[in-house]
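These notes are about the structure you will find just below.
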Amino acid sequence: MATNNWIIRTIQRCDFMLKLLVHLRKYWKLVLLSPTCMMIEVGMDLLQPLLLAAIVDKGVANGDIPFIMRTGLLMVGIAIIGMAGGMGGIMASSFAAQGFGADLRWQLFKKVQSFSFANLDELRTASLITRLTNDVTQVQQTVMMLLRAFVRAPLLSIGGLVMAISINARLALILLVTMPLLALSLWVVINKAFPLFMEVQRRVDRVNAVMRENLVGVRVIKAFVRAAKEKERFGSANESLRDITTRASRVVALQMPLMMLLMNLSIVAIIWFGGIQVNTGQMTVGEVIAFINYITQILFALMLVAWVLMAFSRAKASADRINEVLDTEALIREKPDPVVSKINKGEIVFDRVSFQYPGAGGAPVLQDISFTVSPGETVAILGGTGAGKTSLVNLIPRFFDVTQGRVLVDGVDVRDYSLKTLREGIGMVPQETILFSGSIEDNIRWGKEDATGEEIEAAAKAAQIHDFIVNLPDGYQTRLGQRGINLSGGQKQRLAIARALVAKPAVLIFDDSTSAVDTGTEACLQQSVKDYLGRCTRIIIAQKISSVMRADKIILLENGKIEGIGTHEMLLAKSPVYQDIYHSQWGQEAVVSG
Ligand code: CTP
Ligand code: MG
């Protein structure tokens, strides 16, 4: 009963692998070539003991030196053929495994590209990196092992068995005793090692997680003087990994001497019973030698199986993590027959929109939002931190889908456009500035691949960053990021603005994009952006009244609800919330820009 359960569990454990092995389909030729070569190798391996027996029985016994030479040469020839087969097998299986790994990485990469923001919130970036690199390598190695061992082990054990029986069926009865004993010992060892290896993988994950957090947050750790505490945390994760690995290795280490003991006992038994048969003339010395050889081969083949099973249990954690990514459904899907017309007017309508983050409980982040932005208008969204401003604008390029109501751009529901059309029509300067490594020019051109030098310069001028760039030693060719220069927060923001401006989309959204820019520069920037864009709809998110007072319309957001809509003067006259904000900021930015 227990054995049955174990078998079922093992099969369930293997199921994860089958799901991935589909990706091997493309390499079926190599996958077939590998066992073919292996068959040659195993066949040659199986021939050797027979020749050895012949040398002993015919050559040595009769003192026939030419026979010994001939057979010896033959053995060398066979060994060379076997080696060629072995090399072919290794090459075929490693090509197949490498191709499999590369394909898997590619599938994962494509999948991640299709993910929506909500998917990415769930599967974190750092974890995705581990899955795409480490986990794929682990599975790839197992596939290679699988291709080799799963063919070699049965071939060798069955072939060895056939040969042994053909030499002397009675002596082969010894195997009836040895094989079950061996299987039992393997079963005990694997059963003990399986759970330990699972735990090893979990603890590897844990070490990775702590390390990841520390690398990402190393500046914060320094700032808060948490290094000692973090060292302790890493140390304990590291030690617990070491402990479990040591335990697992101990169990595995037990296997080898156990095997050797069984093997040596079998050899003793063969020599004993074989010796008796040699004495009575039923068997030759050479046959006994060959027999011992075959038994050894069979036992080693079984050991190979044990190793593969262990490698399997180690690969499971990785394969599961890969499957998790592959099985994740992208939450934003395109319509099969999207609207073809491009976005050029830039009219935006929110029609009784409510929004809740996927999987989040509690009150919706946005409730019953309705407003209209006419083409060419500048609309500001004002609200405290956590009011829902970013969530609101994220609905326009469909980073998330509304829970209720609808968002229209140029009179069409955003869900009816293809994502490409929609997002090409809407430019966005996100709240968190992300630049890529490469030159400044590359980073601006990112917004429009075929932008000319003049266009890039014009966008940079409008974003108030041109003067800064030309004063750099390499100007627009200055490299950023890795081994390049680093920019201040405000400089980065303005570069991100230039990147969004260069494409001149019909709608531009600035999510708190001037938070790190001083008030004076901000006023210039607003004017220059306006001049640059001409009739383009702009949505500006801000927390400062000074950033929004010149807007055609201000939407005041509080706790996910619209508190008031109107011009600065209207809101100042009517909305108590707006008055509060105005007075709390009065005397600071309000004066400077007023
Ligand atoms: N939120 C969430 N899941 C996210 C992002 C935000 O549950 N992936 C929640 C936040 O907890 C917050 C609310 O949504 O309570 C609104 O967040 P957001 O729209 O980002 O607020 P902003 O108004 O943009 O705040 P800030 O000015 O700080 O950017
Ligand atoms: Mg925000």
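The values are calculated or read from the model by the stated rules, or taken from the named source; none is laboratory data. Not measured: the values here are computed from a predicted model. Every residue, glycine among them, receives a Cβ derived from its backbone with ideal geometry; neighbour counts consider all protein chains shown. For accessibility, only protein heavy atoms count, side chains too; no ligands or nucleic acids. Shrake-Rupley method; radii C 1.70, N 1.55, O 1.52, S 1.80 Å.
Condition check ((1) at pLDDT below 90; (2) open to solvent by 50 Å² or more (accessible area, probe 1.4 Å); (3) among the polar types (S, T, N, Q)) across all residues:
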| site | (1), (2), (3) |
| --- | --- |
| 43 | no, no, no |
| 49 | no, no, no |
| 55 | no, no, no |
| 59 | yes, no, no |
| 62 | yes, yes, yes |
| 65 | no, yes, no |
| 75 | no, no, no |
| 82 | no, no, no |
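Take the residues in the range 532-557 that are surrounded by fewer than 18 Cβ atoms within 10 Å (Cβ to Cβ) and either away from ligand 2 (no atom under 14 Å from the Cβ) or among the charged types (D, E, K, R) (or both); name whichever of them is modelled with the highest pLDDT. Among those that are surrounded by fewer than 18 Cβ atoms within 10 Å (Cβ to Cβ) and either away from ligand 2 (no atom under 14 Å from the Cβ) or among the charged types (D, E, K, R) (or both), it is 552. In the range 337-403, counting only strands (runs of 3 or more DSSP E) that sit wholly within it, the ones holding 2 or more residues that are within 16 Å of ligand 2 (Cβ to nearest atom), in the same structural domain as residue 552 (by TED's automatic domain parsing) and touching a residue at least 40 places away in the same chain (Cβ under 8 Å) span 366-373, 378-382. Of all residues assigned to the range 58-67, at least one qualifies as being in contact with a Gly (Cβ under 8 Å, 6 or more places away or on another chain) and either within 30 Å of residue 325 (Cβ to Cβ) or aromatic (Phe, Trp, Tyr) (or both).
Here is a yes/no grid of residues against (1) among the polar types (S, T, N, Q); (2) surrounded by 12 or more Cβ atoms within 10 Å (Cβ to Cβ):
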site	(1), (2)
331	no, yes
343	no, yes
346	no, yes
350	no, yes
356	yes, yes
362	no, no
368	no, yes
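Here residue 272 clears all of (1) buried (at least 16 other Cβ atoms within 10 Å of the Cβ); (2) in a helix (DSSP H, G or I) except the condition numbered (1).
I'd like to know if the range 515-530 contains one or more residues that are part of a loop (DSSP other than H, G, I, E, B), within 16 Å of ligand 1 (Cβ to nearest atom), closer than 14 Å to residue 462 by Cβ and not aliphatic (A, V, I, L, M). Within the range 515-530, not a single residue is part of a loop (DSSP other than H, G, I, E, B), within 16 Å of ligand 1 (Cβ to nearest atom), closer than 14 Å to residue 462 by Cβ and not aliphatic (A, V, I, L, M).
Just for the range 558-574: of the residues that are under 44 Å from the mean Cα position of the chain (by Cα) and of a type outside the set (Lys, Arg), which one is most open to solvent (accessible area, probe 1.4 Å)? Spell out how you get there, then give the answer.
Step one: of the range 558-574, the residues under 44 Å from the mean Cα position of the chain (by Cα) are 558-563.
Going one step further and asking which of them are of a type outside the set (Lys, Arg), we end up with 558-560, 562-563.
Details: 558: 81, 559: 120, 560: 0, 562: 51, 563: 83 Å².
Here the answer is 559.
Is one or more of the residues making up the range 212-225 farther than 19 Å from residue 313 by Cα, open to solvent by less than 60 Å² (accessible area, probe 1.4 Å), at pLDDT 80 or above and assigned to a loop (DSSP other than H, G, I, E, B)? Within the range 212-225, one or more residues are farther than 19 Å from residue 313 by Cα, open to solvent by less than 60 Å² (accessible area, probe 1.4 Å), at pLDDT 80 or above and assigned to a loop (DSSP other than H, G, I, E, B).
Restricting 577, 529 to those that are away from ligand 2 (no atom under 16 Å from the Cβ) and open to solvent by 10 Å² or more (accessible area, probe 1.4 Å) reduces the list to 577.
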